[in-house]
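A quick write-up on the structure given underneath.
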Amino acid sequence: MKAKEIREMTPEEIERSLLECRKEIFNLRLQFQTGQLENSSRIRTLRKDVARLETEKSARRLAEDGADRKSGMGRRARKEAARKSAATAENEARRQANLAKNASK
């Protein structure tokens, strides 16, 4: 499954594909353990498909939250940026209050 194909899927199709891939991986593992599996590379292919599907699912969830997909900012970085922004706003409010206080003297 190509990444382009996954991007064109609806969220429901992604969920369905994830479920199907995971079921197939489970069945292939059982076949592998019993010695019935002929093409063991199929497990690897399916694991990569699951990873691609999960990546797209995560990217869409982040896009819904307003995060830029290509920003590279994780949760910790966004939290730190928000903290710095709040501190900057607080410092600006203090500066304005000091200016007003000094102007009234």
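Key figures for this structure:
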quantity: Residue count, region 6-18 (criterion: surrounded by 11 or more Cβ atoms within 10 Å (Cβ to Cβ) and assigned to a helix (DSSP H, G or I)); calculated: 9
quantity: Test: residue in region 39-62 that is assigned to a loop (DSSP other than H, G, I, E, B) and exposed (fewer than 12 other Cβ atoms within 10 Å of the Cβ); calculated: yes
quantity: Counted residues, region 1-46 - those being of a type in the set (Lys, Arg) and over 24 Å from Ala63 (Cα atoms); calculated: 5
quantity: From Glu8, Glu24, residue being in contact with a helix residue (DSSP H, G or I) (Cβ under 8 Å, 6 or more places away or on another chain) and either charged (D, E, K, R) or at positive phi (or both); calculated: Glu24
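None of the figures in this text is laboratory data; all of them are computed from the coordinates on show. If you're wondering where the values come from, they're calculated on a predicted model, not measured in any experiment. In this analysis, Cβ positions are derived from the backbone assuming ideal geometry, glycine residues included, and neighbour counts consider all displayed protein chains.
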